[in-house]
Amino acid sequence: MKILVTGAAGFIGFHTCLKLIQQGHSVYRNGVVRIIEKNIDNRIHYKIYNIGNNKTVMLSEFISTIESALVKKAIKVMRPNQLGDVPKTWADITALKKDYGYNPSTDLSLGIPKFINWYRKFY
């Protein structure tokens, strides 16, 4: 069975992916999951890592990248900022880089089309 697991970098998602792979299922994984799998036996137990990219991406760029990959314009409804919206986010990967040599290697402009192609192929 072909399965997409969101949140695969988290504890539950990661272990769910491992179990599904062991059972012979095809699970979509990205570089974040691979760095964990590669180091699962060497990891420092009970240490929390912020896994992601250490560069900010504007929401407009994210949407534009998806539009380009789909060759389709999104229907956007612009609204004022909502309670809880944050102006910028990024992952502090300092500890992950130090302990495992992790460095995000997939640029948004490559990762989004790659994911969309995978999704179309399997679904």
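Here is a list: PHE122, PHE62. Which entry is in contact with a strand residue (DSSP E or B) (Cβ under 7 Å, 6 or more places away or on another chain) and either under 27 Å from PHE14 (Cα atoms) or surrounded by 13 or more Cβ atoms within 10 Å (Cβ to Cβ) (or both)? First the steps, then the outcome.
Details: PHE62 fails: in contact with a strand residue (DSSP E or B) (Cβ under 7 Å, 6 or more places away or on another chain).
That would be PHE122, the only listed residue that is in contact with a strand residue (DSSP E or B) (Cβ under 7 Å, 6 or more places away or on another chain) and either under 27 Å from PHE14 (Cα atoms) or surrounded by 13 or more Cβ atoms within 10 Å (Cβ to Cβ) (or both).
Tally time: how many residues in the stretch 81-123 are modelled with pLDDT under 80 and more than 18 Å from ASN53 (Cβ to Cβ)? Summing the residues that are modelled with pLDDT under 80 and more than 18 Å from ASN53 (Cβ to Cβ) in the stretch 81-123 gives 2. Consider the stretch 88-119 and keep the residues that are among the hydroxyl-bearing types (Ser, Thr, Tyr) and either touching a strand residue (DSSP E or B) at 6+ places or on another chain (Cβ under 6 Å) or not in a helix (DSSP H, G or I) (or both). The one that is farthest from LEU70 (Cα to Cα) is TYR102. Scanning the stretch 81-108 for residues that are touching a residue at least 12 places away in the same chain (Cβ under 8 Å) and either loosely packed, with under 13 Cβ neighbours inside 10 Å or among the charged types (D, E, K, R) (or both) returns LYS88, THR89, TRP90, ASP92, ASP99, SER105.
Within the stretch 68-80, is even one residue modelled with pLDDT of 85 or more, outside any loop (DSSP other than H, G, I, E, B) and of a type in the set (A, V, I, L, M)? Spell out how you get there, then give the answer.
Pass one, the stretch 68-80, residues modelled with pLDDT of 85 or more: 68-80.
Now narrow it down to the ones that are outside any loop (DSSP other than H, G, I, E, B): 68-70.
Keeping just the survivors that are of a type in the set (A, V, I, L, M) gives 69-70.
Looking for residues that are modelled with pLDDT of 85 or more, outside any loop (DSSP other than H, G, I, E, B) and of a type in the set (A, V, I, L, M), one finds at least one in the stretch 68-80, hence yes.
The values are calculated or read from the model by the stated rules, or taken from the named source; none is laboratory data. Predicted, not measured: the structure shown is a model, and the values here were computed from it. All Cβ positions, even for glycine, are placed from backbone atoms using ideal geometry, and neighbour counts span all protein chains on display.
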